[in-house]
Amino acid sequence: MEQKIKTDCSGIDWQVIADTLKKVGMAYHEPEVHKRAFEASHTTVFIYEESKLIGFGRAISDGEYQGAIYDVAVLPEAQGKGIGKVIIQAILDRLPNCNIILYATPGMEGFYKKLGFGAMKTGMAVFTTPQAMKKFTE
């Protein structure tokens, strides 16, 4: 099936975004929260197969030398077909001169390593809930 890349937020079903993040075990919010987050991002990528949204991701950035990738997710039934790689590459292509950071869902580090990402020696965070902090620090 043919895949289509979309890079703007028009016509996105934000409930699908929330549902997909939940299905893949990532943090998710109410659809309106995702809408605001994606619309405020420097770069957004949505992958469609026919008319079905099967994957997406976003980056925040100053557009000059720093960026961070968030919310990369692919529907479980569409995983293993290179869609995640297409999403990451589309984001990187739109931030050509930027250092890029991301934090991966535990267990996904190998996927990102294959795409050229490496573990940082230092990284610190503060999360809005103790549960989220525990998930990424233990």
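The values are calculated or read from the model by the stated rules, or taken from the named source; none is laboratory data. Note that the coordinates shown come from a computational prediction; the quantities given were computed from them, not determined experimentally. Every residue, glycine as well, gets a Cβ built from its backbone with ideal geometry; the counts of neighbours run over all protein chains shown.
When each of 37, 68, 18, 59 is tested for being buried (at least 19 other Cβ atoms within 10 Å of the Cβ) and either at pLDDT 95 or above or part of a strand (DSSP E or B) (or both), the lone residue that passes is 59. Elements of the type helices (runs of 4 or more DSSP H) sitting completely within region 79-138 and holding at least 2 residues that are at pLDDT 95 or above and buried (at least 16 other Cβ atoms within 10 Å of the Cβ): these cover 83-93. Evaluation of residue 75 against the conditions (1) surrounded by fewer than 16 Cβ atoms within 10 Å (Cβ to Cβ); (2) touching a residue at least 40 places away in the same chain (Cβ under 8 Å); (3) not small (Gly, Ala, Ser) shows that the sole unmet condition is (1).
For region 23-33, the count of residues that are over 13 Å from residue 72 (Cα atoms), part of a helix (DSSP H, G or I) and touching a strand residue (DSSP E or B) at 6+ places or on another chain (Cβ under 7 Å) is zero.
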